[in-house]
1. Starting from 0.36 nm per residue, how many nanometres of slack lie between residue 79 and residue 190 once their C-alpha separation is accounted for?
2. Taking the Cα centroid of segment 149-197 and of segment 469-528, what is the distance between the two, rounded to the nearest whole Å?
3. Sort the following peptides by mean Cβ neighbour count (other Cβ atoms within 10 Å, averaged over residues), highest first: 203-214, 259-270.
4. Hey, which of these cross-link pairs are over 18 Å Cα-Cα: 193/306; 8/152; 122/152?
5. For segment 7-15, just list the computed ³J(HN,Hα) in residue order, Karplus coefficients 6.51, -1.76 and 1.60, θ = phi - 60°, integers in Hz, with x standing in for Gly and Pro.
6. Residue 343 versus residue 8, label points 7 Å from Cα toward the beta carbon: distance in nm?
7. 7 Å from Cα along Cα→Cβ at both residue 114 and residue 134: what's the point-to-point distance in nm?
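Read-outs throughout are calculated quantities, based only on the coordinates presented, and are distinct from any laboratory measurement. All values reported here derive from a predicted model rather than from experimental measurement. Heads up, the Cβs are rebuilt from the backbone with ideal geometry, glycines too, and the neighbour counts pull from every protein chain shown.
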Amino acid sequence: MSIALYRKYRPATFGEVRGQEHVTDPLRQALRSGRINHAYLFSGPRGCGKTTSARILARSLNCAEGPTPDPCGTCDSCVALAPDGGGSIDVIEIDAASHGGVDDARDLRERAFFSPVSSRFKIYIIDEAHMVTREGFNALLKLVEEPPPHLKFVFATTEPEKVIGTIRSRTHHYPFRLIPPSTLRELFEDLLKEEGISYDPAALPLVVRAGAGSARDGLSVLDQLIAGSGEGGITREGAVSLLGYTDSSLLGEMVDALGARDGAAVFGLIDRVVEGGHDPRRFTTDLLERFRDLVVLAAVPDALDKGLVNVADEAAEQMKGQAARMGPAELTRAADILNQGLTEMRGATAPRLLLELMCSRVLLPGTDGSQGAALLARLEQMERRIASGAIAPAAPVRPAAPAPEPVRAPERAAEPAGWDAPARPSTPEPARHAPAAPAAPSGGGGALDLGRVQGSWSQILEAVKGLRRFTWMVLSGGEVRPVGVEGNAVLLGFSRPSEAKGFSNSGSDQVVANAIRQVLGIEVRVAAAGSAASAAAPARRPEPARPAEPSGWD
């Protein structure tokens, strides 16, 4: 009869424990220097090595050559406490889930004062320590606080906050962590080579994912795959089928369909998922993870080389293309929708319906209420299509900026000033000189004022168009105008706060600042003002100069 992998390959020394060096290194140093405490608290997620490390600590303490960080492995105590050993009468393991009451604690307290039979220390390993009742902990308190010299305690728990503070404060606390995926993968590869079992490298990421940072859980899954594998060893298809994960090709088809706005393909794929017996919740979870990987790829092009994205080689090239085609705004928005929908799926009676509604929201950006994110996603799509030549800018797009209006408006304002000479220097004067601002780069600099920026707005828009077409498309609708100047900052008015926020988050503010520097030769900052009132301000601010003209006639 075969032994389970997690038992067969249980570490026998601290040097064999993987992924917990932040715990094992200090413990080895304490054993080396002889600074050994009477009570320890090992906490952390399940299957990460707490109980195993407690047994190794007991082995190190009772070794004939110890206490030592490296047990000899040959003395009676080491042999008895080895992973496949028969155990020692002086090392007592207690499962607090079934022996955590006050009577059990009193019985332990009475037995603890007897000296060890054949070892250096009597060691109590109390597993699931958070299950000990408050009365049980109180019965142990005096013993843990002032134990006899031969007594040691090791408490292991997944919930250290449930261990009462008076006990916790008497222990040396070592928090264990989830094991990193790269470490788990190395462990699985080493064990498979040791067992002489062939495997598809693309299957290991699935086993690592199923283990979720737990060596014990991952080894249980690997053991199951080995048991069910044929002569060809472990295959990716077998792992996908057994673990219930969605096939990578199906996820790739869904991402392509959503990116192409192909509703027929999207709902056809959902039907394939359900008819194939897949759980809609599992499919949504896998699709959300795929979009997470795409978001990372869009932000970090070499994420695969850096290990930030862990996928099979055949999916890597496809995902690079998808990340480039969809863009970060669209990918992030789709991930947000899936994440929110996955929360709503918990306990839902119609998970397929929720999956279809989620996909419909991704297909139609304007339906989810996030105006700023939807606008950015649509503009990003249009920008990519124009850049690729799929569509040409339509004639209505060319008038881009109602740029002539800002230029003509100051001229009309200057005409009344011509009727009355004394009134001319008051306010229209800066507006008259504003059209000459584009010559500033050659001459350089000059004072920053609102009239100068407004008068040169058409030239600034043309400069923006040359720097970044996406930003130009946002500004060229005619609703975005310069509304004020504060110090070296130019304020742009937006009709909706969400659009102002999206404008700044996309980096468009820096693009406009660069365009102003090109046209006016002035270093400025650009800030978005997201209110209807501020958007209307450009039309009003130059106006107060007009009432001054009739006053000159009086």
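1. Value of the extension gain: 37.5 nm.
2. One Cα centre to the other: 54 Å.
3. 203-214, 259-270
4. Details: 193/306 26 Å; 8/152 27 Å; 122/152 6 Å.
Violating the 18 Å limit, Cα to Cα: 193/306; 8/152.
5. 8, 5, 10, 5, x, 9, 9, 4, x
6. The modelled label-to-label distance comes out at 4.5 nm.
7. Computed distance between label sites residue 114 and residue 134 equals 3.3 nm.
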